[in-house]
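The values are calculated or read from the model by the stated rules, or taken from the named source; none is laboratory data. In this text the structure is predicted, and so the values were computed from the model without any measurement. When we count neighbours, we look across all protein chains shown, and the Cβ atoms used for this are built from the backbone with ideal geometry, even at glycine. When the accessible area is computed, the model is the full protein with side chains, heavy atoms only, and any ligands, DNA or RNA have been set aside. Shrake-Rupley method; radii C 1.70, N 1.55, O 1.52, S 1.80 Å.
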Amino acid sequence: MQKRAVALGGFGGFNLHGAGVLTALDRLERMPDLFTVTSGQIVVLAAWLRGEDVRRLLLEHRGASGGLLRAWQTALFGHKGVFRPVLGENARRWLDVPLSPSAVLERLMPARQYAPVRDRDTVAEIARTLNEAEVGVVFNTYDFRSGNGLLHGNAAARRLMAGEVGLEDITADAVESALWLYLYGFEEAPGGLIDGAYHRSIILSELHGFDEVTVAAPFPVSWIGPVPRNQLEVENWKIRQWFANSYKAEVARLRRVIELMERGTLNDPAYRIRSLTELALRRHYGYFDYFTEKAEVFDDALAQALDHFGGGPVHEQRRAG
């Protein structure tokens, strides 16, 4: 029997890309054997596994349509349901008189700009949902001090990847770390672990044991916008390169495995992958679009996924136990 995996990446305000792919799987009643998810896609996948309308979930609090106004609203008031500014906490730090240039800088430009607002019960519910799912689920965290990433998986993922990949448990602490943005500060990071997307934007290279792999990249795989002409456009380019480069390295690794298998050079039975399909974001967005979910992102991902998954036999599997 063929094994199928779907890799979803979380990226700023583009979680609707993965939501579109999940919705297509729902409509076609096709369930892969395993999902890998990073960052915000952890929340989206958990909601989808509970049967929620993930498009509505992501769009209901979007507020302004985007652009500079939305960016200023986010900077001043935070992102509803995700994070809040810590202006008050940072202001109170001046009550302790800074005695060194570095201490002054820490107060003028603190690393911690925002704080997460998901409560412990919400995080624990996400962990419970992922652990109880019959489909395999893997997500990542990042130990920024050592430079090493960790993979966390449920029981189904352990069975599918037994002997091939070491997986840590999915716990509420692991979920909290996997959603910990660098804007929340580093000293406060739970267990010293932060969002694994800063290390690997999408988890792909471990999926060589699956016959068919589909990856939904929430960013264009090439630069499709105008040439950057100001510093904000350069910053946008830098951020996208940051996430896209780790992704491209993993894609190249899997495509090399496929090539070696086709040549007959690689005959290890642990390597089964025969196809890798990329469903990438196909539109350019600017620097002020990172925290604004957009309906057209969902619509395009849905169309791509319906076209891709539309053929072949239906692979049915229940979502949660």
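Please list, ordered by first then second residue, the pairs with beta carbon atoms under 6 Å, 6 or more apart or interchain, first in the stretch 32-56 and on the phi < 0 side of the Ramachandran plot and in contact (Cβ under 8 Å) with a residue 24 or more places away in the chain, second surrounded by fewer than 24 Cβ atoms within 10 Å (Cβ to Cβ) and in a loop (DSSP other than H, G, I, E, B).
That search, which allows pairs on different chains as well, returns Asp33/Lys3; Leu49/Arg319.
Please count how many residues of the stretch 227-247 are farther than 21 Å from Ala217 by Cβ and not in a helix (DSSP H, G or I).
Here the count works out to 3.
Would you confirm whether or not the stretch 20-40 contains a residue that is of a type in the set (S, T, N, Q), open to solvent by less than 10 Å² (accessible area, probe 1.4 Å), assigned to a loop (DSSP other than H, G, I, E, B) and at pLDDT 95 or above? Reasoning before the result, please.
Going through the stretch 20-40, the residues of a type in the set (S, T, N, Q) turn out to be 23, 36, 38-39.
Cutting the leftovers down to open to solvent by less than 10 Å² (accessible area, probe 1.4 Å) gives us 36, 38.
Right, trim to assigned to a loop (DSSP other than H, G, I, E, B) and you get 38.
Narrowing further to those that are at pLDDT 95 or above: 38.
Yes, that holds for at least one residue.
Within the stretch 209-218, does at least one residue satisfy the condition of being under 19 Å from the mean Cα position of the chain (by Cα), buried (at least 17 other Cβ atoms within 10 Å of the Cβ) and charged (D, E, K, R)? Steps first, please.
Going through the stretch 209-218, the residues under 19 Å from the mean Cα position of the chain (by Cα) turn out to be 213-218.
This time we only want the ones that are buried (at least 17 other Cβ atoms within 10 Å of the Cβ), so: 213-218.
Filter once more, so that each one left must be charged (D, E, K, R): none.
Within the stretch 209-218, not a single residue is under 19 Å from the mean Cα position of the chain (by Cα), buried (at least 17 other Cβ atoms within 10 Å of the Cβ) and charged (D, E, K, R).
Output the residue which, of all residues in the stretch 44-56 that are part of a helix (DSSP H, G or I) and either in contact with a Gly (Cβ under 8 Å, 6 or more places away or on another chain) or open to solvent by 30 Å² or more (accessible area, probe 1.4 Å) (or both), is farthest from Leu204 (Cα to Cα).
Step one: of the stretch 44-56, the residues part of a helix (DSSP H, G or I) are 44-49, 54-56.
Next, only the ones that are either in contact with a Gly (Cβ under 8 Å, 6 or more places away or on another chain) or open to solvent by 30 Å² or more (accessible area, probe 1.4 Å) (or both) stay: 44-45, 55-56.
Details: Val44: 19, Leu45: 17, Arg55: 25, Arg56: 28 Å.
Ranking the candidates gives Arg56 first.
Given the conditions (1) surrounded by fewer than 19 Cβ atoms within 10 Å (Cβ to Cβ); (2) assigned to a strand (DSSP E or B); (3) out of contact with any Ser or Thr (no Cβ under 6 Å at 6 or more places or on another chain), and given that Phe186 satisfies all but one, which numbered condition is not satisfied?
Unmet for Phe186, out of (1) surrounded by fewer than 19 Cβ atoms within 10 Å (Cβ to Cβ); (2) assigned to a strand (DSSP E or B); (3) out of contact with any Ser or Thr (no Cβ under 6 Å at 6 or more places or on another chain): (2).
When the stretch 87-104 is examined, which residues are found to be farther than 17 Å from Leu183 by Cβ, surrounded by 11 or more Cβ atoms within 10 Å (Cβ to Cβ) and free of Cβ contacts under 8 Å to residues at least 12 places away in the same chain?
Pro98, Ala103, Val104
Could you list, in sequence order, all residues of the stretch 274-305 that are among the small types (Gly, Ala, Ser) and assigned to a helix (DSSP H, G or I)?
Restricting attention to the stretch 274-305, the residues satisfying the condition of being among the small types (Gly, Ala, Ser) are 275, 280, 286, 295, 301, 303, 305.
Matches in the stretch 274-305: Ala295, Ala301, Ala303, Ala305.
From the residues in the stretch 116-143 that are among the hydrophobic types (A, V, I, L, M, F, W, C) and in contact with a strand residue (DSSP E or B) (Cβ under 6 Å, 6 or more places away or on another chain), which one is surrounded by the fewest Cβ atoms within 10 Å (Cβ to Cβ)?
Step one: list which residues in the stretch 116-143 are among the hydrophobic types (A, V, I, L, M, F, W, C), which gives 117, 123-124, 126-127, 130, 133, 135, 137-139.
From what's left, in contact with a strand residue (DSSP E or B) (Cβ under 6 Å, 6 or more places away or on another chain): 117, 130, 133, 137-139.
Numbers: Val117: 13, Leu130: 28, Ala133: 24, Val137: 24, Val138: 28, Phe139: 31.
Result: Val117.
From the set of residues in the stretch 1-48 that are basic (Lys, Arg) and in contact with an Asp or Glu (Cβ under 6 Å, 6 or more places away or on another chain), which is nearest to Arg118 (Cα to Cα)?
Filtering first and then ranking leaves Arg4.
Filter the stretch 144-169 for residues that are within 28 Å of Ala111 (Cα to Cα) and open to solvent by less than 70 Å² (accessible area, probe 1.4 Å) and give the result.
Residues of the stretch 144-169 that are within 28 Å of Ala111 (Cα to Cα), as a first pass: 144-152.
If the condition is that a residue be within 28 Å of Ala111 (Cα to Cα) and open to solvent by less than 70 Å² (accessible area, probe 1.4 Å), then Phe144, Ser146, Gly147, Gly149, Leu150, Leu151, His152 are the ones that fit.
Tell me, which residue of the stretch 299-321 that is at pLDDT 95 or above and among the acidic types (Asp, Glu) is least open to solvent (accessible area, probe 1.4 Å)?
Residues of the stretch 299-321 that are at pLDDT 95 or above, as a first pass: 299-309.
Within this subset, residues satisfying the condition of being among the acidic types (Asp, Glu) are 299-300, 307.
Details: Asp299: 77, Asp300: 40, Asp307: 128 Å².
Selected residue: Asp300.
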